[in-house]
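Enquirer: There's a structure below that I have some questions on.
The values are calculated or read from the model by the stated rules, or taken from the named source; none is laboratory data. Note that the structure is a prediction, hence the values are computed from the model and not measured. Glycine gets a Cβ as well: all are built from the backbone with ideal geometry, and neighbour counts include every protein chain shown. The accessibility values were calculated without ligands, DNA or RNA, using every heavy atom of the protein model including side chains. Shrake-Rupley method; radii C 1.70, N 1.55, O 1.52, S 1.80 Å.
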Amino acid sequence: MTTCVFSPGVQGKDYICSFKVSGQVEKFNFNVVKNQKGTGGSFNDFTYFMAIKNKLISVKVQDTKTASQVQSEFSIRRDTIELSQTPGWDLTCVVDREIPEVVVTPKPVVLKLDEETPLEKFQADISFTATSAMKVKYNLLTAKQRMRSIIFQKGRLFTTDDDVKRDLNGNWCILQVQLELDQDTMIKEGHNWQTVQYKTLNNSSSHTVYAYSFIDPAQGKVSQRFKRYVPFNLACQIKKGEVFNQKMWRQITGDRIKLYYNP
């Protein structure tokens with residue numbers, strides 16, 4: 001893990017953290033300067049670790065039984081950090097207001113959304129805009145209530161009924177929406193979806209999942225709604241060792257969805 005270095009004598013934010021599993025809670029502190037190289041522990045079959053990575057607060061929680069893990073990054077300017085998995089655990093960190101706070105201003109990281117830069121570096125600062133109309137099919141054998149999906153792979157579109165037609169072990173992305181009506185629904189050109197939360201998931205030994213949520217996962221609230229559908233999330237399953245960048249995104253989606261960087 002790459003750590004950043006703050007100026008000597010600078011005291012950063014001190015967070016009081018609670019890690020809750022099955023109704024039990026373990027508390028610990030995290031200071032952005034003192035603990036920049038990392039601090040963590042084990043609790044009820046889970047391990048947790050927090051550190052400063054690329055001038056962001058990096059949080060990682062791993063299930064010691066299954067080796068699956070959830071990782072996310074947050075700005076050091078945030079006073080509250082929330083990360084959870086249902087069912088499973090909840091991690092909440094709140095700034096300790098009793099300790100005098102000195103704002104730590106790291107040098108800005110200059111990012112450019114080009115073809116080669118890994119998309120994970122942009123975290124939740126990416127939004128998505130449809131560059132062409134896309135049909136969301138309603139009548140599917142694998143459908144659950146009104147949740148439907150479009151799967152993108154090698155520039156083609158699939159549904160969840162099309163697993164035999166595509167490479168399940170390859171690179172692909174899936175857009176999940178909730179339909180308002182019991183019928184095929186069109187996503188129109190120009191529809192834009194703002195990312196509310198980003199996660200990197202390493203639950204598989206062969207693939208990494210890059211997940212973008214369009215709803216508030218902590219509150220379960222819908223923040224974006226379009227005529228006849230609500231966007232829920234978009235996730236991409238990418239082979240380990242391969243760089244998930246805009247070039248790969250274009251190849252997977254066939255350039256049907258444009259990415260925007262919103263720092």
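Enquirer: Just the number please: accessible area per residue for segment 141-263, 1.4 Å probe, all protein chains included, in Å².
Expert: 53
Enquirer: A follow-up question, please. In the chain, carbon and sulfur make up what percent of the accessible area (probe 1.4 Å)?
Expert: Here carbon and sulfur together make up 48 percent of the probe-accessible area.
Enquirer: What area, in nm² and to one decimal, does the C-alpha convex hull of the chain cast on average over all directions?
Expert: Dividing the Cα hull surface by four gives the mean projection, 15.2 nm².
Enquirer: Taking the Cβ-Cβ separation of Thr131 and Arg78 as r and a Förster radius of 35 Å, what is the calculated FRET efficiency to the nearest 0.05?
Expert: For R0 = 35 Å, the calculated efficiency reads 0.60.
Enquirer: Contour minus end-to-end for Ser42 and Arg156, with contour as 0.36 nm per residue of separation and end-to-end as the Cα-Cα distance?
Expert: Length difference between fully extended and current span is 36.7 nm.
Enquirer: Shifting gears a bit: Just flag the GluC sites (Glu not before Pro) in segment 72-179 sitting in loop per DSSP whose Cβ has no more than 14 other Cβ atoms within 10 Å.
Expert: Sites meeting the loop and neighbour criteria: Glu98, Glu101, Glu115, Glu116.
Enquirer: Could I ask something else about it? Taking the Cα centre of the chain as origin and charging only Cβ (+1 Lys, Arg; -1 Asp, Glu), how large is the dipole, in debye to the nearest 20?
Expert: The dipole magnitude comes to about 500 debye.
Enquirer: Where the centroid of each part is defined by its Cα atoms, how far is segment 240-258 from segment 107-180 in Å?
Expert: 10
Enquirer: Kindly provide the helix-only [θ] at 222 nm of the chain, computed as the sum of -39,500 (n - 2.57) over DSSP H runs of four or more divided by all residues, to the nearest 500 deg cm²/dmol?
Expert: Per the formula, -1000 deg cm²/dmol.
Enquirer: Alpha carbons only, please: Rg and Dmax for segment 5-97, in angstrom.
Expert: So, for segment 5-97, Rg and Dmax equal 13.1, 42 Å respectively.
Enquirer: Measuring from label point to label point, each 7 Å out along Cα→Cβ, what is the Gln183 to Phe49 span in nm?
Expert: Using points 7 Å along Cα→Cβ, the separation is 5.3 nm.
Enquirer: Separate question: For a Förster distance of 41 Å, can you work out the FRET efficiency between the beta-carbons of Leu141 and Tyr260, rounded to the nearest 0.05?
Expert: The calculated FRET efficiency here is 0.70.
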